[in-house]
1. What does the C-alpha gyration tensor say about the overall shape of the stretch A:138-298? Classify as rounded when a/c is under 1.5, otherwise prolate if a/b is larger than b/c, or oblate.
2. Between copies, how close do the residue A:91 label points come, placed 7 Å along Cα→Cβ, listed in nm from shortest?
3. Based on the mean of other beta carbon atoms within 10 Å per residue, what is the order of A:390-398, B:186-194, A:16-24, most packed first?
4. With a/c under 1.5 counting as rounded, go ahead and sort the stretch B:40-150 into rounded, prolate or oblate using the C-alpha gyration tensor (a ≥ b ≥ c being the square roots of the eigenvalues; past the cut-off, prolate if a/b is larger than b/c, else oblate).
5. Nearest 500 deg cm²/dmol is fine: what mean residue ellipticity at 222 nm does chain A get from its DSSP H runs of n ≥ 4 alone, each adding -39,500 (n - 2.57), divided by its residue count?
6. Could you give, in nm with one decimal, how far residue B:38 is from each other copy of that position, shortest first, with labels 7 Å out from Cα toward Cβ?
7. Antiparallel as a % of all DSSP beta bridges within the protein assembly as shown, to the nearest 5?
8. Could you state the orientation-averaged shadow area of the convex hull built on the Cα atoms of the stretch B:169-249, in nm² to one decimal?
């Protein structure tokens with residue numbers, strides 16, 4: 001039986017998961033690929049910290065040990081971050097090594113040029129693990145919906161924020177308390193900025209959009225709102241209205257143009273995304289022919305993410321055996337302009353604070369009329385210190401109408417718009 | 001650009017969906033495969049009924065027109081049923097045509113020998129559409145979890161029964177009324193036997209088991225219970241206990257042996273399978289490394305099923321271009337013995353009818369003690385005509401214990417066990 005020797009760059013949680021799976025599932029991998037797979041060399045910064053695996057793999061601090069080794073045809077990049085991961089992958093591809101990566105930041109930012117470089121060197125570059133951990137979503141979009149026109153891809157693609165929002169909903173905790181709990185249990189990092197501001201989810205939506213629509217928008221070119229301003233009162237009111245608050249990445253075609261957004265969103269309780277709790281992820285893909293499909297699973301964690309890395313490894317090995325390496329992971333390309341705010345329509349949840357006195361509600365309805373907004377549900381909570389909290393679910397309105405409404409409300413000087421969250425049914 | 005010409009056998013709902021997609025999504029198919037795809041010849045029994053497409057494709061009643069046509073490399077079988085579909089596919093494979101099929105009955109029954117014949121003729125044989133319509137579940141198991149050890153695959157794999165059970169739950173209808181409604185709306189056939197007895201779901205579980213565990217059991221070698229005996233009272237009581245009643249196909253490894261079952265099952269309301277309503281399907285795959293993943297989507301219908309057929313077509317075309325046809329759809333094979341009933345443990349929902357008089361509850365608890373069963377929830381409903389209805393959720397017990405309990409209850413002669421449904425959390 002042919003033996004395929006792997007290199008690895010990085011040996012954190014995911015890297016250790018990959019090493020473990022290659023060893024523990026060796027029989028199944030052989031049964032499926034017809035090859036024996038072993039990890040030969042692992043590049044790490046601090047070999048002294050990984051002495052537990054020193055007898056099994058060759059630990060090195062030098063990338064050259066992998067680059068110059070003709071036995072190593074395939075290298076797994078699990079170091080994370082944009083630099084020097086980008087330079088590492090470039091060197092690997094130039095050395096004609098096939099690459100499997102789990103690096104969303106990097107692929108979202110430099111995916112196009114790295115794919116180009118892979119093609120030029122007739123190498124495979126695959127990165128299933130970069131989006132939604134153990135969920136095989138990129139492969140599903142690229143292979144299974146190859147002949148369908150995808151019109152929308154949306155979902156819960158960040159485990160940390162979903163854990164926090166789940167706890168806020170179920171335990172009635174504040175954002176701060178839920179974050180602390182998540183950090184204590186290891187579901188949030190000491191510096192959770194990339195997660196709670198929505199940046200991590202934005203990276204994943206960039207990659208999902210490229211696969212779904214053949215086109216994407218760069219970070220900065222679409223709205224990204226995190227969960228760090230979410231109030232416990234709005235989570236509770238969402239539940240009273242029959243919704244669950246989730247951080248939703250939303251990419252869709254609107255009049256043949258591309259719209260992407262990451263924002264806290266109210267999801268109706270019967271919707272398949274509503275039962276996705278804690279650190280789990282789920283992506284809903286809507287195709288013209290297939291309709292709504294949903295892919296659910298663990299969004300992070302060493303072994304789940306390693307499963308996706310291994311699925312890429314077995315595909316590259318299959319390509320090596322069949323001599324069909326060098327084809328793009330995602331071959332769909334289509335030029336799309338960004339959608340205009342006037343054309344993107346949704347229902348909204350509005351949370352307002354206003355003085356509890358005659359005339360204020362009339363100001364509100366006047367502002368809504370100017371914005372062209374109408375409501376389907378409204379609740380006013382008992383005033384505290386003369387200030388009442390009013391929550392509304394609107395009928396469909398465009399981003400442009402929402403902006404007009406926000407400006408009209410600001411002009412009242414007495415009504416404060418605490419938040420405006422999209423609603424999906 | 002190379003043109004790939006397809007043959008088709010059958011032109012029902014799915015066949016018409018395939019024809020429509022090949023025409024309407026021609027641009028995307030070309031972008032992804034690099035080939036132009038056209039349907040050249042369609043074999044049908046009654047060409048006069050398909051005159052709307054007579055200008056676009058060549059209609060024939062003779063399979064020979066496809067077999068003898070060297071331009072046709074790939075044929076889609078969407079005629080359904082076991083005979084003569086089996087003989088048709090055999091002739092196609094012997095004529096070195098690649099085959100894409102949507103035929104679950106056939107693949108579940110003769111998959112092994114048809115795969116063998118495909119290999120001998122160096123042909124592709126793919127059948128993603130045979131399980132769960134538009135959900136790309138077979139490919140996900142074969143490709144994405146290739147390196148993981150799957151320990152369980154379970155789900156809702158029949159749209160008709162899920163539609164009926166959803167209506168029974170939401171509208172509080174009887175089975176008979178819900179079935180009539182499903183037939184009126186086209187979600188159930190005039191003769192719904194294969195669906196409501198669980199046979200259709202059993203076919204799909206046979207295929208899912210083969211992909212997940214490398215092994216399966218034939219129809220008749222595992223328990224299949226349909227929904228035709230489900231009482232509205234039990235659907236309502238399940239809801240009161242916090243569960244939804246679903247027809248669940250359940251295949252899992254128990255002590256390295258294979259267990260398969262199709263049966264009405266109580267699913268906890270927060271479980272991802274609980275929100276799968278109406279004609280939708282969902283399959284949960286549990287892997288040792290990845291944990292729980294779920295794939296959700298439309299389980300039937302012309303266009304969703306056609307999407308899966310088209311995903312197979314694009315894969316075969318890719319293989320044709322790369323000259324890598326002739327590899328098995330699912331390469332995983334492993335010999336597994338069936339699990340013994342004593343080792344398969346679950347919680348159960350028991351529905352009992354018993355005389356409302358002193359001593360009966362003691363008989364019940366005595367029978368449960370003999371069966372080694374204990375309960376976590378119990379409800380007694382007001383007696384009607386002296387007969388009380390008692391519903392119980394048990395702690396974990398084995399199939400063997402359940403059989404003992406059923407025998408003990410029968411021996412009381414006064415307590416009737418209306419049903420015993422598994423519970424999943």
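1. On the way: a/c = 1.95, a/b = 1.64, b/c = 1.19.
In terms of gyration-tensor shape, prolate.
2. 6.2
3. Numbers: A:390-398: 19.1, B:186-194: 14.4, A:16-24: 20.9.
Result, highest mean Cβ count within 10 Å first: A:16-24, A:390-398, B:186-194.
4. Values: a/c = 2.10, a/b = 1.67, b/c = 1.25.
Prolate is the answer for the stretch B:40-150, as a/c is 1.5 or above and a/b outweighs b/c.
5. Numbers: 13 runs with 149 residues, N = 425.
The helix-only estimate for chain A comes to -10500 deg cm²/dmol at 222 nm.
6. Ordered by increasing distance: 5.4 nm.
7. Antiparallel: roughly 65 percent of the beta bridges in the protein assembly as shown.
8. Values: hull surface 25.9 nm².
One quarter of the hull surface, i.e. the mean projection, equals 6.5 nm².
Throughout, read-outs are computed from the coordinates displayed, never taken from laboratory work. This one's a predicted model, so the numbers in the text were calculated from it and none came from an experiment. Neighbour counts run over all protein chains shown; Cβ positions are idealised from the backbone, glycine included.
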